[in-house]
Each structure stands twice: as C-alpha cells, then as structure tokens.
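Structure first, commentary second.
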Amino acid sequence: MTGAAAEPETGGIRFEQVSVAYGRNTVLDQLDLTVEPGEVMALLGPSGSGKTTALRAVAGFVRPASGRVYLGDRDVTGLPPHQRGIGMVVQQYALFPHMRVRDNVAFGLKARKVRKAEIAARVAEALELVGMSAYAARYPRELSGGQQQRVAIARALAVRPGVLLLDEPLSALDAQLRSGMLAELARLHRELPDVSILYVTHDQVEALTLADRIAVMDRARLQDCGTPQELYRAPRTEFTASFVGNANLLPVTVGSGSVAFAGHEVKLSTGEAATGATATLCVRPHMVGLGDGPNALTGTVAEIQWRGSTHRLYVDIGGHRFKADLRELREPPALGEKVTLHFAPEDAVLLPAADHEAETVAGAAHG
C-alpha cells in the first residue's frame, strides 16, 4: 500500500479484545464492540472511562497493547491514521486560522492528492451539507463557535469517509448552539445513511438523541450496550441506570412476584431473581405519581425543587431518599409533610445479579 489514504470503508467498526495501557495504567480494558455499517454508536461515560481512548484506537492515534481493530473486514490495528480512510471531528475544531473556510475543508483532499477540479466540487458539496456555503471565503476568526464546528464537520465529510469519528464535538458550545447542532447532526445522519459514526460524549442527552445504540463505559471497561430505549427503560446494571437518565435505585429483598422495600411490598411485571435474594430496583422519577395508586410508598417530604414545568420532590422513605418528578404542582406539599407516591409495576426494573452482568453486556455489544 502506498502513502495515499485508503478507500473509505463501509463495513463498520469492530473491536476485538482491545486493550490500551500507558505503563502499568490500563486505560481501555478488553473492549469487544461492533458498530454496524451505517450505525451511530455513542460511547457514553464519565471522564477517564476509556471512551476517547477507544475512538483514538480506531483513528490510529494510539496503538493497542493487545487486541485488534477492524474497519469492515480490514485489520487496521497497525496502520497509520492517513491509511484508514476515516473522517474525524474533535471538540476544539482544529481549524487552520490562516486558511479560509474553503481551504480548511479542502485540506484533507489535497493531502490525499485528489484532482483540483474534484476538490472544488467536493468542498462545495460538503459545505452545502452543513449549511455553510455562504461562508466559504471567511476565516475561522470570523465565525461563531457553532459555525466553526460545522466547518470542521464539513472537512471530515469532504473525504467521503465510510467511518466518521466525533470526539465530544459539541462540548465547547453553549446550550442553545448545542441543541441546534444536535438537530444538524441528526439530519446529516439521515442524509448519509451509509456512514458508520462513532460518537464520544459524556452528555446523555446527546447520546439518547443521536445514537442507534449506546455503549456505556466506566473504569476502562464496557459496562452496558443497547438501544437508547433499552438502556433507559430496562438498564442492565446499576451504573447504566444512574448514568443514563435519573433513577431511584432501591435496595430490595426479592419475593414471589414482588419485592420488599422499606416495609412496603412492591409488585413487578418483569425481572427475575431468586426468592430471598437482595437486589436493586430501578424506578425513573418521572414515572412516579403523587397520591394513592399501585405500589404506593409513604414517606416524608425532605426537599422540594421547582424546575419550571415540574416539581422534584425528595421524599424520605425508611431512610432512603426517593425522587419524584411531578408536573408543576399548584399547591406543592410542605417540607416535613407526609405524602404517598406510586408507580406502575411495569415501570419498575429489577436489575440482574452482578455475576450475570458481564455475559449480558457481551451479547449486547455485538448487536
């Protein structure tokens, strides 16, 4: 193979037991994960979880200590970045300040020795995709943060990659710009259905909005993997339940078709565990109602937060702080007042025993 860039891959991404270490510090531990062709996979996790290291292993910026990385059926573990045929966007934009927008977008094409006539057409096409055609002659300093990020995305798309890597691409933007860019990225995905996207973020809203599937990372390991709906409605681990959306995680003792929590019997519609075992029950705060109903729990109001369209109640139930997100109340209860909360059996998830988590996650990661 020559020094020229490889043809773009269209067969997705596959990690096989990929580990990365710096000295004795393992920063990515035996990652097994498949991103299907045309799929958006979000790597979601806190700082230091290994998500950016995984992306850099695909890009070729770090070399695995063990394991293999594939683009389609091609083993790229030992290839330099420019031979992988990928596009990449990072959070700092990384635009050349002395180049106009059109020259920034053309940079990767020139490096790949694309013909001049084709460069002009592909630059125009990429700028049109991100809505920046009118800004082709400007310099980066003349653009807003959101506009600069659009240019960075156009530069990545101009090389027509089969794989697009996005590393916290919206983290430097304010909330309003971030919302707009999320909509733009969703539109781009619809217009480029054959491009596999690996999207690194610590923001659950970004992951839930954009991803076909989410891989949840923590402490250098894959903790969970599934569709946004699966991870939100039926998380497989306590970490997933707490990191993907807010959750009440309640220590319970398992009975027959129900669990015991703080002196209350809670009915379930799903979940399996041996009778008498201790487990964790996950209940999302917005699935909780105020007043009598199924699975009624009584406690004392410890804190009230007004959040505009909702009130969040923190209720002490048997020494456990239980959260309820309720549609804005005209007359919220007072601190110290006794209240009853309820939730439907189908809205409670009994999390599996810890020794079954690794097997469950491994199957989900390969979709």
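Reducing segment 23-60 and segment 64-125 to their Cα centroids gives an inter-centroid distance of 20 Å.
Here the chain is treated as a sphere whose radius is the Kirkwood value from Cα pairs; by Stokes-Einstein at 25 °C and 0.890 mPa s it diffuses with a coefficient of 108 µm²/s.
Using a Förster distance of 41 Å, how high is the FRET efficiency between A65 and A137, based on the Cβ-Cβ distance and rounded to 0.05?
In this case the efficiency is close to 0.30.
Taking the Cα centre of the chain as origin and assigning +1 to Lys and Arg Cβ atoms and -1 to Asp and Glu Cβ atoms, the resulting dipole is close to 1640 debye.
Going by neighbour counts of Cβ atoms within 10 Å, the residues T340, T280, T53 line up, fewest first, as T340, T280, T53. Show which lysines lie in cross-link reach of K323 when reach means a straight Cα distance below 30 angstrom and same-chain residues fewer than eight apart are skipped. The reachable lysines, counting only those whose Cα sits under 30 Å from K323, are K51, K267, K338. With the highest mean first, a sort of the peptides 42-51, 171-180 on other beta-carbon atoms found within 10 angstrom per residue produces 42-51, 171-180.
The charge dipole of segment 248-351, taken about its Cα centre with unit charges on the Cβ of Lys, Arg, Asp and Glu (plus for the first two, minus for the last two), comes to roughly 200 debye.
Toward the positive end of the charge dipole of the chain, with +1 on the Cβ of Lys and Arg and -1 on the Cβ of Asp and Glu, the farthest Cα among F61, V266, L71 is that of F61.
Local charge for G50 was computed over the other residues whose Cβ lies under 11 Å away, with Lys and Arg +1 and Asp and Glu -1, and equals +2.
Laboratory data are not the source of any read-out in this text; all were calculated from the coordinates shown. The model shown is predicted, which means the values in this text are computed figures rather than measured ones. Reconstructed Cβ throughout: ideal geometry from the backbone, glycine too, with neighbour counts over all protein chains shown.
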